[in-house]
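Asks: Before we start, here is the structure in question, set down as structure tokens.
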């Protein structure tokens with residue numbers, strides 16, 4: 001593995017830990033995938049995540065990525081403004097209603113319920129930025145910026161429920177990002193979630209093995225839990241028992257160990 005720690009973030013790097021913390025929802029539950037996709041996008045869009053690519057980024061690539069990020073940010077701004085407008089409208093309706101009796105929750109009138117339904121259904125439209133990220137990835141498939149852009153596009157596909165397309169795009173990203181652990185780990189997490197959603201547990205376990213091999217001590221309990229859960233879902237109870245017991249024995253004070261104990265209690269005798 002490369003010795004450059006900027007390229008190979010195996011240790012308890014602050015952002016990698018934060019990223020895995022957000023993605024911990026993946027390790028616990030593979031659904032809904034649109035949440036997973038959204039989490040990946042949130043992690044990779046910001047300048048905080050991009051700081052890891054600055055050491056080998058050319059000005060041309062930087063400008064190209066910034067242009068696409070600007071499109072994405074505009075889409076998010078449009079979504080946020082629409083959501084805030086609906087929330088303001090709902091709050092105005094609620095303010096005119098009679099106050100509920102003491103100790104009682106507010107009554108949801110049909111009008112309020114209709115607005116809440118609109119808010120719940122509202123989602124960002126990333127059609128334009130998604131196409132641009134895919135275009136950028138295809139033009140720069142081996143660069144850190146290109147791999148991150150490809151991961152974003154795969155996350156969009158997963159968010160829309162196109163799991164086959166997302167998986168097809170993630171597989172080469174996983175293969176090409178081994179020296180860029182930030183992208184490699186998140187691509188693996190999304191790929192494992194898709195595998196589990198499609199009940200392809202052999203592939204999920206194989207990718208979980210890659211995940212275990214890619215993380216450092218700080219993240220090892222979560223990687224092992226991801227593998228143990230995939231084995232459990234496959235009903236490979238002997239394999240799951242070995243993996244989960246390793247978490248309990250080697251990382252007994254962690255939240256993952258508590259979850260591992262819960263799964264161990266469900267394994268048939």
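Taken together, the values in this text are just the output of simple stated rules run on the coordinates, not laboratory data. Just so we're clear, the structure is a prediction, and the values are computed from it rather than from any experiment. No Cβ is skipped: glycine too gets one built from the backbone with ideal geometry, and neighbour counts run over all protein chains shown.
Asks: Using only Cα atoms, what is the ratio of the radius of gyration of the range 139-196 to 2.2 N^0.38 Å?
Replies: 0.99
Asks: Using alpha carbons only, how many angstrom separate the centre of the range 177-216 from the centre of the range 94-141?
Replies: A separation of 31 Å, based on Cα centres.
Asks: List the extent of the Cα atoms of the range 94-177 along each of their three principal axes, largest first, rounded to whole Å.
Replies: Here the spans come out as 62, 23, 22 Å, largest first.
Asks: Over the range 159-249, what is the relative contact order in whole percent, taking alpha-carbon pairs under 8 Å and six or more residues apart?
Replies: Taking the mean separation of contacting Cα pairs over the length of the range 159-249, I get 19 percent.
Asks: Hey, any idea what the orientation-averaged projected area of the convex hull of the range 127-269's Cα atoms comes to, in nm²? Spell out each step's value before the answer.
Replies: Numbers: hull surface 34.6 nm².
For the range 127-269, averaging the hull's shadow over all directions gives 8.7 nm².
Asks: Fewest Cβ neighbours within 10 Å first, please rank 222, 90, 261 accordingly.
Replies: 261, 90, 222
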